[in-house]
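Visitor: Structure provided below as structure tokens; questions to follow.
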Amino acid sequence: MSKINEGGAAFPVSADNMQYLGMSLRDYFAAKAMSGYMVGTAQPNAVAIAETAYEVADAMLAAREVK
């Protein structure tokens with residue numbers, strides 16, 4: 001199984017000689033995609049939406065690698 005590209009930290013912060021990474025860029029992209037799918041859905045299929053959201057996030061990360 002290949003390693004998932006997490007895309008690094010979405011909002012890293014350095015303070016007091018410590019670095020706080022927070023959520024991954026992949027999680028951030030998936031959350032944005034998921035919120036779009038949830039609009040206007042009375043009874044969402046949460047599992048299907050979450051899986052699709054991560055597929056979108058993975059595609060966005062892959063598109064960033066294309067030069």
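The values are calculated or read from the model by the stated rules, or taken from the named source; none is laboratory data. Just so we're clear, the structure is a prediction, and the values are computed from it rather than from any experiment. Note: ideal-geometry Cβ built from the backbone for every residue, glycine included; neighbour counts use all protein chains shown. For the accessible areas, the whole protein counts, side chains as well, though only heavy atoms, and no ligand, DNA or RNA atoms are used. Shrake-Rupley method; radii C 1.70, N 1.55, O 1.52, S 1.80 Å.
Visitor: With Glu6, Glu55 as the choices, which residue is touching a Ser or Thr at 6+ places or on another chain (Cβ under 8 Å) and not polar (S, T, N, Q)?
Guide: The match here is Glu6.
Visitor: Checking the condition at pLDDT below 85 and part of a helix (DSSP H, G or I), which residue from Tyr28, Tyr37, Tyr54 passes?
Guide: That would be Tyr37, the only listed residue that is at pLDDT below 85 and part of a helix (DSSP H, G or I).
Visitor: Still on this structure, please answer the following. For the stretch 16-38, which positions are over 12 Å from Glu6 (Cβ atoms), open to solvent by less than 100 Å² (accessible area, probe 1.4 Å) and hydrophobic (A, V, I, L, M, F, W, C)?
Guide: Matches in the stretch 16-38: Ala31, Ala33, Met34, Met38.
Visitor: Return the residue satisfying two criteria in turn: it lies in the stretch 1-25 and is under 24 Å from Val66 (Cα atoms) and in a strand (DSSP E or B), and of such residues it is nearest to the chain's Cα centre (by Cα).
Guide: Ser24
Visitor: Taking the criterion of being open to solvent by 90 Å² or more (accessible area, probe 1.4 Å), in contact with a strand residue (DSSP E or B) (Cβ under 7 Å, 6 or more places away or on another chain) and not hydrophobic (A, V, I, L, M, F, W, C), would at least one residue in the stretch 39-58 satisfy it?
Guide: Here is the first cut: in the stretch 39-58, the ones open to solvent by 90 Å² or more (accessible area, probe 1.4 Å) are 39, 42-43, 45, 47, 51, 55.
From the residues that got through so far, the ones that are in contact with a strand residue (DSSP E or B) (Cβ under 7 Å, 6 or more places away or on another chain) too are none.
There is no residue in the stretch 39-58 that is open to solvent by 90 Å² or more (accessible area, probe 1.4 Å), in contact with a strand residue (DSSP E or B) (Cβ under 7 Å, 6 or more places away or on another chain) and not hydrophobic (A, V, I, L, M, F, W, C).
Visitor: Another question, then. Kindly indicate whether Arg64 is in contact with an Asp or Glu (Cβ under 6 Å, 6 or more places away or on another chain) and either under 23 Å from Phe11 (Cα atoms) or open to solvent by 70 Å² or more (accessible area, probe 1.4 Å) (or both). Talk me through it step by step, then tell me what you get.
Guide: Working: in contact with an Asp or Glu (Cβ under 6 Å, 6 or more places away or on another chain): no; either under 23 Å from Phe11 (Cα atoms) or open to solvent by 70 Å² or more (accessible area, probe 1.4 Å) (or both): yes.
Against the criterion (in contact with an Asp or Glu (Cβ under 6 Å, 6 or more places away or on another chain) and either under 23 Å from Phe11 (Cα atoms) or open to solvent by 70 Å² or more (accessible area, probe 1.4 Å) (or both)), Arg64 does not qualify.
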